[in-house]
Amino acid sequence: MTRDKINGRRLVGLFLLGMLLFNFPLLHLFNRPMLALGIPVLYLYLFAAWSLIIFLIHMISRSKPDTPFPDHSE
Amino acid sequence: MLATETVIFASLCYIGVLFGIAYYGDRRADIGRSIISNPYIYALSLAVYCTAWTFYGSVGRAASAGPAFLTIYLGPTLMVTLGWLVLKKIVRISKIHRITSIADFIGSRYGKSMTLGGVVTVIAVLGIIPYISLQLKAISSSFLLIQQYPSLKPLPPSGSIGLWSDTTFYVALFLAVFATLFGTRNLEATERHEGLVAAIAFESIVKLVAFLAVGTFITFFIYNGFADLSQKALSSPELRLLMTLPEDAGAFSSWFAHIFLSMMAIVFLPRQFQVMVVENVNEAHLNKAIWLFPLYLLAINIFVLPVAFAGMLSFGSSGLDADMFLLTLPMADEQVFLTLLVFIGGMSAATGMVIVETVALSTMICNDLLMPLLLHMPSLKLAQRRDLSSILLSIRRLGIILVLLMGYAYFHYAGEYYTLVSIGLTSFAAVAQFAPALLIGIFWKGGTRTGALLGLVAGFSVWCYTLFLPSLAGAGLMPQDFLEHGPFGIAFLRPFELFGLDVFDRITHAVFWSMLANVGCYVAGSLFSRPSAMEHTQATMFVDVYRYVGRVHDSSVWRGTAYLPDLVSMLERFLGKERTEAALDIYATDYGINWDQSLTRDPGLVNHIEKLLAGAIGSASARVMVASVVKEEPLGIEEVMDILNETRQAIIYSRELERASAELRAANQRLQELDQLKDEFISTVSHELRTPLTAIRSLAEILHDYPDTTPDRQREFSSIIIRETQRLTRLITQVLDFQKLESGRMRWAITTVDLKDVVEDAVSATGQLVAEKRIRMQVNLPDASRCVEGDRDQLIQAMVNLISNAVKFCDPDRGQIEIRLEYVADRLKVSVADNGIGISEADQKQIFNKFQQVVDPTRGRPPGTGLGLSITRQIIRHHHGELKVESTPGKGATFYFSLPLKPTAAIPAQ
C-alpha cells in the first residue's frame with residue numbers, strides 16, 4: 001500500500017465523519033437558542049467541528065505512513 | 001466626507017496594483033521562474049470561490065436565515081476530503097489530456113464529442129449568468145451606498161433608471177474591459193494564465209484582510225465582542241431565531257441540499273475548474289491546499305454572524321439591505337478608511353470572480369461552441385486561414401463582453417428582486433448538472449455520450465423550469481399566474497411544487513427534480529446505448545488514468561499520417577512560429593526524432609500535435625483541425641483482425657500454459673504414487689528376503705551348535721537351506737531382471753524359438769511346485785511346430801512366472817491349471833488358466849502395474865514381490881505381444897498373450 005492510498009482512505013473516512021457531524025441528528029442536539037462561552041451553541045458546535053475536520057485533514061495530508069515501497073501514484 | 005473621486009481613485013490604484021502583479025507573474029512565468037508554483041498561492045487562488053456573495057451576501061443570509069449561510073462553506077470542506085479520490089483524478093486526467101475547461105473535459109470523456117461540449121457550454125453560460133449579475137449587483141450597490149457617505153438611506157430600485165444612467169451598466173462594461181485585458185492577452189498553448197492566478201491570489205488576501213479588519217472593528221469596537229453581541233441578540237425575539245435552524249423537515253433537507261450544491265460547485269463552477277484543475281501547476285499542491293482552503297473559508301466566515309447581529313441591532317427597521325451591512329456599519333460609524341477598505345474588499349471579491357469566470361466561459365464558448373461550428377462550415381474556409389490566433393482571441397474577447405452584458409441584462413430585469421445568496425444558489429443548481437456526467441463518468445466506463453447528453457439536457461430543462469423561468473416571472477417578465485397556478489392553469493405543474501411536491505424550499509425542490517431527471521436519464525441512456533470506438537477509448541483512458549501513466553501516446557484509436565509541413569503550418573497558425581518550434585523541439589528531444597529523416601509523420605506525432613492544439617482550442621476543435629490535414633486512417637478491418645489475432649494468440653498461449661501445468665500436476669501426482677509404491681516394494685522385498693534368511697540362519701545355527709545330529713536330519717536341514725537360498729536367488733534375480741527391464745538395459749538374445757519347447761521347459765521347471773500343491777496340470781499343445789523370434793530364456797521366465805502365479809492363486813484343495821497353445825491366424829496364442837479365486841474387474845487393470853498385488857481380505861497379502869506379472873508383461877511386450885487377463889471372480893483367471901509367428905515357418909535350426 002502506498003502512502004497516497006492510505007491517506008486517500010483516511011480522507012474518505014474523514015468525509016464520512018464530516019457528513020455525520022454536519023447533518024441532522026447531531027445538529028439537532030445543538031439546535032437550541034442558548035449561549036456557551038458567549039457564543040450561540042449551534043455556531044460554536046459548527047465552527048468547532050469544522051476546525052476539527054480541517055485539523056484532521058492537515059494531519060493526514062502531512063503524515064507519511066510507513067511503507068517499504070516508494071511513493072507511486074497508483 | 002468621502003468624495004466619489006476618492007473612491008474611483010482608490011479603485012483605480014487597486015486595479016493598477018492587480019495589473020502590476022499579473023504582469024510580474026507572466027514575466028516570471030516566461031523566464032521559467034513561476035511565482036504561483038507553490039501550494040499557498042494555489043490555495044489562495046482556490047479562494048476565488050469567495051465572491052461578493054461571501055463578502056456581502058453571507059451577512060444578509062445570516063440576518064434572514066441564521067446558520068444556513070454556513071452550508072456554502074461546509075460543502076467545499078467536505079469535498080476536499082474526497083480530494084484524493086475525485087479532485088486528484090480530475091487533475092491528473094486534465095493534465096494528460098490537456099483539458100482546458102469543464103466543457104472540454106466532459107466532451108473529451110465521451111469520445112471528444114462536439115455536441116456534448118457545446119451543450120455543457122450553453123448550460124454553463126446560462127447557469128452562470130445569474131451569478132455574474134450577483135457580482136454586478138454587489139459592486140453597484142456598494143458604489144451607490146458609498147456615494148451617500150456619511151448619510152444612509154435605502155437604495156432606490158434601479159429598474160426605473162435608464163440604461164445610460166445606470167451605474168451597474170458601467171460597472172459591467174468596466175469589468176468586461178478588465179477581464180479582456182487580463183484573460184486574453186495572448187493565446188497560450190496550455191491555456192494557463194500565471195499572471196491571472198497571481199492576481200487572483202492577491203485579491204483573495206485583500207478580501208480576507210478587509211473582512212477580518214472590518215469584522216473585528218464592528219465586533220470589538222462598535223460592540224463589546226462576541227459575547228456582548230450574542231447576549232443582546234438573545235434578548236431580541238427576532239434575532240433569537242437566527243441562532244438555530246427551524247425545527248422542521250424542510251429546514252434540514254434544504255441544509256443538506258445546500259451542502260450538496262456547494263460540494264458540486266467547488267468542482268464544477270467553471271472558474272473553480274479553471275483555477276483548481278487547469279491552472280494547477282503541480283498535483284502535489286493539492287496536499288496542502290486541501291486544508292489551507294477550508295481554513296480560509298473558516299476564517300472569512302468567523303465574523304459573519306456578529307456582523308449580522310450588529311447590523312440587525314443597529315438598523316433593524318431602517319429598511320437598509322442586510323446584504324450591505326458590512327459596508328453600512330462602518331459608514332454609520334463614520335470610519336472613512338474602513339469604509340473604503342470594505343469597498344475595495346468587496347470589489348476584489350467580485351472582480352476576482354468575474355475575471356476568472358468570464359475567462360473560463362469565453363474559453364468554453366470559443367473552444368467548445370464556436371470553433372467547432374465555424375470549422376465545420378466549409379464556406380468560411382477557416383481551416384485554411386493563415387493566422388487563426390487573432391480570430392480566436394477576438395472570439396474570446398467577444399465572449400467575455402457577451403457574458404457580462406447578459407449578466408447585466410439579468411440583473412437589470414430580474415436580479416434586483418432577489419438576495420445575493422438566492423441568485424447564487426440558482427447558479428449552483430445549474431452547474432450541479434455537470435456532476436453525473438463528470439463524476440460518474442470518471443469512475444464508470446459504461447457511461448456513454450447519449451446518456452450524458454440526455455442527462456444534461458433533462459437536468460438542465462428541469463432547472464430552467466423550476467428556477468430560471470420562475471426567477472424571470474418573479475421579476476414580471478413572465479405572467480405571475482405561471483408561478484401560482486402553473487402553466488395554462490395546470491396546478492400539477494407549478495414550477496415550485498412540481499407534481500405536487502411541496503415539502504421543500506425552491507432550491508431543494510429544483511435540486512431534487514433536476515438531479516433525479518439528470519442521473520436517471522444518464523444511467524438509462526448509458527445502459528440503452530452503445531458507445532462508439534472513440535467513446536470507448538476515451539472512457540478507458542479517463543477511468544483508468546493511473547494505469548496509462550506515461551502511455552498517453554498510444555491513446556488514440558485513430559491512426560493517421562500527415563506531412564510535416566502541413567502539421568507545422570497548422571500549429572503555427574494557432575500558436576505562432578516561436579511556440580510551435582519550441583513545442584516540436586521538446587517532442588523531438590523526448591523521443592529522439594530527427595526531423596530531416598522523413599516527411600511523413602507517425603500517429604504518435606499526430607496525436608501529440610492534436611494534444612498541443614487541444615491546449616489552445618479545445619479537444620473537439622483540435623480534432624477537426626487535425627483531421628483537415630491528416631490523412632486519417634481509421635481502424636481498418638486489417639487492424640481489427642490484428643488486434644483480434646493478438647488476443648487469440650494470448651488466449652491460446654494461456655491455454656497451453658494451463659495444459660502444461662495440468663500435465664505437470666499429473667506427473668507430480670504420478671511421482672508421488674510411484675514413491676509410495678516403491679516404499680511398499682522395499683518393505684515387501686525385505687520381508688520376502690528375511691523369511692528365507694531367517695530359516696537358513698536358524699538351520700545353519702542348529703547344524704553348527706549340534707554336530708551330533710543324525711545324518712538324516714543333517715541332510716534334511718541342508719536341503720532346506722539349499723531350497724531357501726534358491727528362493728533367495730530367484731527373488732534377487734527377479735528384482736534385478738525387473739530393474740534391467742525398467743531401465744532398458746536388458747540384453748536380449750534373439751533367436752528363433754519354438755514355443756512348444758518353451759512351454760515344456762517351463763512346465764518341467766515348475767513341476768516340483770505344482771506337485772507340492774497337488775495341482776492337476778493339463779497342457780494342450782498343437783501338433784505342428786511353428787516358431788517365433790525371441791529370447792528363449794526370457795520367454796521361459798515369462799511362462800514360469802505365469803505358471804507360478806497360477807499356482808499361487810489356485811484352488812487350495814482341487815487346484816487345476818490348464819496351459820493351451822494354439823495358432824490364431826498368423827499369431828501364436830498362449831494361455832494359462834487356473835480355477836482360483838479370480839480377479840475382480842477393478843483389480844484386472846491394476847495387477848500388471850509394478851509392485852501391485854491383489855490383496856484378498858481373507859488371505860492377506862500373497863507371497864512374492866508383486867513384480868512377476870509386471871516383468872512378464874514387459875517381456876511379452878518386447879516380443880510384440882500383449883499380456884491380458886480374463887476372469888470371473890470365484891471361477892479362476894486366464895492369462896493369455898499372443899506372439900507373431902516367424903514368416904518362414906521353419907523348424908528351428910537347433
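Applying the condition of being at pLDDT below 75 and either in contact with a Phe, Trp or Tyr (Cβ under 7 Å, 6 or more places away or on another chain) or among the charged types (D, E, K, R) (or both) to the range A:34-74 and asking which residue is least open to solvent (accessible area, probe 1.4 Å) yields A:SER73. Residues in the range B:720-750 that are open to solvent by 50 Å² or more (accessible area, probe 1.4 Å) and either touching a residue at least 40 places away in the same chain (Cβ under 8 Å) or part of a helix (DSSP H, G or I) (or both): 17 in all. Candidates B:ILE31, B:ILE102, B:ILE35: the one that is more than 14 Å from chain A (Cβ to nearest Cβ) and modelled with pLDDT of 85 or more is B:ILE102.
Does B:SER529 satisfy the condition of being farther than 30 Å from B:SER390 by Cβ, at pLDDT 80 or above and surrounded by 21 or more Cβ atoms within 10 Å (Cβ to Cβ)?
No.
Checking the structure you have, find out if any residue of the range A:19-40 is over 30 Å from B:PHE226 (Cα atoms) and among the aliphatic types (A, V, I, L, M). No, the range A:19-40 has no match at all. Among the residues of the range B:195-252, the ones that are of a type in the set (Val, Ile, Thr) and within 9 Å of another protein chain (Cβ to nearest Cβ) come to 1 in all.
A single member of B:GLY118, B:GLY127 is in the same structural domain as B:LEU375 (by TED's automatic domain parsing), among the small types (Gly, Ala, Ser) and surrounded by fewer than 24 Cβ atoms within 10 Å (Cβ to Cβ), and it is B:GLY118. The residues of the range B:435-477 that are free of Cβ contacts under 8 Å to residues at least 40 places away in the same chain and in contact with a Leu (Cβ under 7 Å, 6 or more places away or on another chain), listed by number, are B:PRO470, B:ALA473. Got at least one residue in the range B:318-330 being surrounded by 20 or more Cβ atoms within 10 Å (Cβ to Cβ) and either among the hydroxyl-bearing types (Ser, Thr, Tyr) or within 14 Å of chain A (Cβ to nearest Cβ) (or both)? Yes, the range B:318-330 contains a residue that is surrounded by 20 or more Cβ atoms within 10 Å (Cβ to Cβ) and either among the hydroxyl-bearing types (Ser, Thr, Tyr) or within 14 Å of chain A (Cβ to nearest Cβ) (or both).
For the range B:751-770, which positions are among the polar types (S, T, N, Q) and either part of a helix (DSSP H, G or I) or surrounded by fewer than 18 Cβ atoms within 10 Å (Cβ to Cβ) (or both)? Let's see the steps before the verdict.
Filtering the range B:751-770 down to residues among the polar types (S, T, N, Q) leaves B:751-752, B:764, B:766, B:768.
Within the range B:751-770, B:THR751, B:THR752, B:SER764, B:GLN768 meet the criteria.
Rundown of residues vs (1) more than 15 Å from B:ASP323 (Cβ to Cβ); (2) open to solvent by less than 10 Å² (accessible area, probe 1.4 Å); (3) assigned to a helix (DSSP H, G or I); (4) among the aliphatic types (A, V, I, L, M), yes/no style:
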| position | (1), (2), (3), (4) |
| --- | --- |
| B:ARG33 | yes, no, no, no |
| B:ALA47 | yes, yes, yes, yes |
| B:VAL59 | no, yes, yes, yes |
| B:ALA65 | no, no, yes, yes |
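For the range B:250-268, the criterion of being open to solvent by 10 Å² or more (accessible area, probe 1.4 Å), among the hydroxyl-bearing types (Ser, Thr, Tyr) and more than 46 Å from the chain's Cα centre (by Cα) is satisfied by no residue at all.
Remark: B:LEU136 falls outside the filter, which requires a residue to be open to solvent by less than 10 Å² (accessible area, probe 1.4 Å), within 14 Å of chain A (Cβ to nearest Cβ) and in contact with a helix residue (DSSP H, G or I) (Cβ under 8 Å, 6 or more places away or on another chain). Kindly indicate whether any position in the range B:771-790 is surrounded by 14 or more Cβ atoms within 10 Å (Cβ to Cβ) and assigned to a helix (DSSP H, G or I). No. Pairs linking a residue in the range B:701-719 that is outside any helix (DSSP H, G or I) to a residue that is not β-branched (Val, Ile, Thr), with Cβ atoms under 8 Å and 6 or more positions apart or on different chains, are B:THR709/B:LEU703; B:THR709/B:PHE717.
Checking each residue in the range B:1-31 for being assigned to a helix (DSSP H, G or I), among the small types (Gly, Ala, Ser) and exposed (fewer than 13 other Cβ atoms within 10 Å of the Cβ) picks out only B:GLY16. Quickly run through the range B:807-827 and pick out the residues that are at pLDDT below 85, among the hydrophobic types (A, V, I, L, M, F, W, C) and surrounded by 15 or more Cβ atoms within 10 Å (Cβ to Cβ). The answer is B:VAL807, B:PHE809, B:CYS810.
Restricting to the range A:31-50, give me the number of residues that are closer than 16 Å to B:ILE72 by Cα and at the interface with another protein chain (Cβ under 8 Å from one of its Cβ atoms).
Let us first name the residues in the range A:31-50 that are closer than 16 Å to B:ILE72 by Cα, namely A:43, A:46-47, A:49-50.
Adding the requirement that they be at the interface with another protein chain (Cβ under 8 Å from one of its Cβ atoms) leaves A:43, A:46-47, A:50.
Number satisfying all stated conditions: 4.
Scanning the range A:20-30 for residues that are within 7 Å of another protein chain (Cβ to nearest Cβ) and open to solvent by 50 Å² or more (accessible area, probe 1.4 Å) yields a single hit, A:PHE24.
Report the residue count in the range B:278-303 for those that are of a type in the set (Asp, Glu), within 9 Å of chain A (Cβ to nearest Cβ) and open to solvent by less than 20 Å² (accessible area, probe 1.4 Å). Residues flagged as of a type in the set (Asp, Glu), within 9 Å of chain A (Cβ to nearest Cβ) and open to solvent by less than 20 Å² (accessible area, probe 1.4 Å) within the range B:278-303 amount to 0.
Contact annotation: residue pairs with Cβ atoms under 7 Å, 6 or more positions apart or on different chains, pairing a residue in the range B:301-330 that is farther than 20 Å from A:LEU46 by Cβ with a partner that is open to solvent by 10 Å² or more (accessible area, probe 1.4 Å) and charged (D, E, K, R), are B:LEU313/B:LYS232.
The values are calculated or read from the model by the stated rules, or taken from the named source; none is laboratory data. Predicted model only: the values in this text are computed from it and were never measured. Using ideal geometry, Cβ is built from the backbone for each residue, glycine included, and neighbour counts are taken over all protein chains shown. For accessibility, only protein heavy atoms count, side chains too; no ligands or nucleic acids. Shrake-Rupley method; radii C 1.70, N 1.55, O 1.52, S 1.80 Å.
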